[in-house]
Structure formats: structure tokens, C-alpha cells
Amino acid sequence: MKKKVAIVEIGGSHDECILTQVIALKRADCYTVFCGTSKMYHANGEFQNYFDEFHEMVLPKTMIGDFLCMRNLNRWLKNQMVTKVILNTAQGGHMRNLCFTSYKDMEFYGILHTIKLLKGSFTQHLISKKVKNYFLLNDQLLRNAGEVKGLNLHSFYPLDYPSFEATIEKPVDQLLIAIIGGVENRRKDLSGFVKFAKASPTYIRFVFLGKSDPAHQDVIDFKERLNELNLAPKVMLFDDFVNQSEFDAYLKATDGILPLVHPNTPSAEEYFLRQISGAINVSFSYKIPMMIHENYKHWEDFNAGVIFYSIENIDEKFIQYCEKLPELKQELQQNPKFSKQLQQQIFLDVILNY
């Protein structure tokens, strides 16, 4: 009889972490169930190729209704003889209620997207009474978290992204540099980006791969700044959501990635200390070289395929980066750590207790 494993995701994000998990579970001949919203399930076409079953979750959005929804999910999982449950976003009140109403003989695992919840979060403390094995999304975050009493912390890299036939046309003499996500000052140092754009040769084009809401003040201010400096023709933004096919097509044509995380800015408070920027695993998956601020050069993962810079030397370092892109790409391709199959196996070893 196949081992039954459920992946739960009721939020609207972090679906990029799911494909690696379910591919790994199918490799191990598990029966896989996705418990989540219809919107997320149908937005991810690859899910239907790997999940054996879909259980739709609809939250009433009332305190008692949402609690009962989590209790009923546990009952359904029990009736379906699911023995292992993976919380794709193992945080928040809904997951607390799911853990609180779970059955003793059902094993729970979780992916934690920020390590700050391991220190001082009462809700997380309650979740951790059931979830004893957490995955973090980078080895450095595992080091930053240190030991947490009563918990087993692991890391794995979800490097599987859906692939499509769609392509984009790009002049042969043009280099395309991507910024993963839309224009948002909290997540990216936009003033730092302007320095990159000013330093860039004429053959460089930049694309922000995410929705940049034209009504958002960050986007309005950013566009004004680009226009003032005559940089707007070098930068492409999307007004609407970037679907998976577009995302994949642009990344296949992308030569470099800028995470735009810089010390002493809101971007540094958001990333690299307590959580990982989405740009990192995209880079490792598609084997696209990055430019990273030198403040993070101690990260083991950045030993190859990366050029470091400071705000003061962006001009010369960016030119060096553009010239070395083929060499840097080869370094990423040859790094065994960023093998999708290896990361799938690391995940399986924990879930199936190998």
C-alpha cells in the first residue's frame, strides 16, 4: 500500500516551493494529496501532473468557521489514511488550529519561511508542539537559526519550476538582467538599482519580473526617477500579474539576476538575515549568475557563479559582471549542490525518515 502524504497550502503565496516536494514524493512512489484553494491548484498546471488527489479548502473567514474548517480537514485526512502532512507555510493561526486538532498518529512537517518565528512567537510555539521537523530554504538560514530545543531543523532548496514552450525574442547583442518580483522599496533597494541602470552599457536591458502596481507610490516615484535620468527605455515593468509561462520565458532569456538587497535599507531587514530572497533559488534553478552585495560574501552558496560589489564600486563591478556572465553561468551549472534531483532527495530523506 502506498504511503499517503498531503501538502497543505491555504495562503496565496509560496506555491513555488511545492513542485520540488511533490516531484520528490512521486519519485518515492507516494500517493500525494494537495489541500488548498482551487485558485492555487488550477493556477499551477503542473500540479495536476503530480498530485493524485486535490482536496479543496474554502475558509468561511469567521473565527469559529475557520477553526472548524481545520478540524474537518484533520478528520478528512484521517479518513483518507494520510499518515504524513507537510505544511508548505508552517505559520499563522490557521496552521496552529490544524496542529491543535490533529491526530497523534499523524506526522506533521513544515516549511518555515522566516526564522524569526522560532524566537518568541507564541503561535509558532503551539505549532511546534506538533511540527518537530522544519525545513528552512537555505543552509545559511539554518546556521543563523542555530539549535532550537525540541526541534529538528533541516534545509532544502526547492529548485523545480514549471517549464513551458513560450519564448521571448531578444536581440543577439543584448543582455537581459532580471529583478525577481515587482517594484517595491521594502523588498528591493530601488535607489541602488538606479545606480546599476546608470552604470549599464547600452546593450543592457532590465526587467522587473513581477507586478508593479501603477497606482502604488513606490512605482510612481520609481518611474519618475527613471524618466528624470532618461533611464526608462532600459527598464521593463509589468502592470499586471506575471503568469508562470511568461515568468519561465523571460528567465530562459535572462543573462543575470540582481537581488538588490543592500545593508542599512529596508531590503536588508526583509532578507538574508531571517529569510531568503526569492531571487536566490530562481538563480540556482535556472543557473543564472547574480550580483550580490559584498556584505553577504561569507555565504557558502555564493562561492561560485556570483560577483560581489559595494555601492561605491558598482560601475566597475557591473562591467566586470557583464563580461564574465558565460563563465559564471558555467560555474553554477557545474555546482552539484544545485542539482534538482539532489535537493529532492534531501527533502525525501527527512519526510520518509531514511
Being touching a Gly at 6+ places or on another chain (Cβ under 7 Å) and β-branched (Val, Ile, Thr) is the filter here, so list the residues in the stretch 286-330 that pass it. 288, 311
For the stretch 210-222, give me each residue that is out of contact with any Pro (no Cβ under 8 Å at 6 or more places or on another chain) and closer than 24 Å to residue 200 by Cα. 210, 211, 212, 218, 219, 221, 222
Yes or no: residue 204 touching a helix residue (DSSP H, G or I) at 6+ places or on another chain (Cβ under 7 Å) and more than 18 Å from residue 188 (Cα to Cα)? yes
Kindly indicate the residue of the stretch 32-50 that is touching a residue at least 40 places away in the same chain (Cβ under 8 Å) and over 18 Å from residue 70 (Cβ atoms) and also surrounded by the fewest Cβ atoms within 10 Å (Cβ to Cβ) among those meeting that condition. 45
Can you find a residue in the stretch 213-222 that is of a type in the set (Phe, Trp, Tyr), more than 30 Å from residue 23 (Cβ to Cβ) and over 22 Å from the mean Cα position of the chain (by Cα)? yes
Pick from the stretch 301-342, criterion closer than 14 Å to residue 284 by Cα and touching a helix residue (DSSP H, G or I) at 6+ places or on another chain (Cβ under 6 Å), ranking: surrounded by the fewest Cβ atoms within 10 Å (Cβ to Cβ): 304
Looking at residue 288, is it within 22 Å of the chain's Cα centre (by Cα), in contact (Cβ under 8 Å) with a residue 12 or more places away in the chain and in a loop (DSSP other than H, G, I, E, B)? yes
Which of the following residues is in the same structural domain as residue 38 (by TED's automatic domain parsing) and not in a helix (DSSP H, G or I): 86, 64? 86
Cross-chain or 6+ apart pairs with Cβ under 6 Å, the stretch 140-162 first and touching a residue at least 24 places away in the same chain (Cβ under 8 Å), then of a type in the set (Asp, Glu) and not in a helix (DSSP H, G or I): 162/46
Name the single residue, out of those in the stretch 89-106 being hydrophobic (A, V, I, L, M, F, W, C) and part of a loop (DSSP other than H, G, I, E, B), that is nearest to residue 59 (Cα to Cα). 90
Residues within the stretch 224-244 that are without any contact (Cβ under 8 Å) to a residue 12 or more places away in the chain and either assigned by TED's automatic domain parsing to the domain that holds residue 42 or under 18 Å from residue 205 (Cβ atoms) (or both), tallied: 4
Quick one: count up the residues across the stretch 31-45 that are closer than 21 Å to residue 340 by Cβ and either at pLDDT 95 or above or part of a helix (DSSP H, G or I) (or both). 2
Picked from the stretch 10-30 (must be more than 14 Å from the chain's Cα centre (by Cα) and not in a loop (DSSP other than H, G, I, E, B)), the residue farthest from residue 66 (Cα to Cα) is 27
If you go through 344, 330, the only one that is in the same structural domain as residue 206 (by TED's automatic domain parsing) and not small (Gly, Ala, Ser) is 330
Does residue 260 satisfy the criteria of being surrounded by fewer than 17 Cβ atoms within 10 Å (Cβ to Cβ) and touching a residue at least 40 places away in the same chain (Cβ under 8 Å)? no
Number of positions in the stretch 107-152 that are closer than 22 Å to residue 13 by Cβ, outside any helix (DSSP H, G or I) and among the aliphatic types (A, V, I, L, M): 5
Looking at the stretch 108-131, I want the residues that are closer than 20 Å to residue 5 by Cβ and not assigned by TED's automatic domain parsing to the domain that holds residue 18 and have a partner that is of a type in the set (Val, Ile, Thr) and surrounded by fewer than 20 Cβ atoms within 10 Å (Cβ to Cβ) with Cβ atoms under 6 Å, at least 6 apart or on another chain. Which pairs are those? none
In the set 332, 325, the lone residue that is farther than 15 Å from residue 140 by Cβ, free of Cβ contacts under 8 Å to residues at least 60 places away in the same chain and of a type in the set (A, V, I, L, M, F, W, C) is 332
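The values are calculated or read from the model by the stated rules, or taken from the named source; none is laboratory data. What you are looking at is a predicted structure, and each value in this text was computed from that prediction instead of being measured. Cβ: placed from backbone, ideal geometry, glycine included. Neighbour counts: every protein chain shown.
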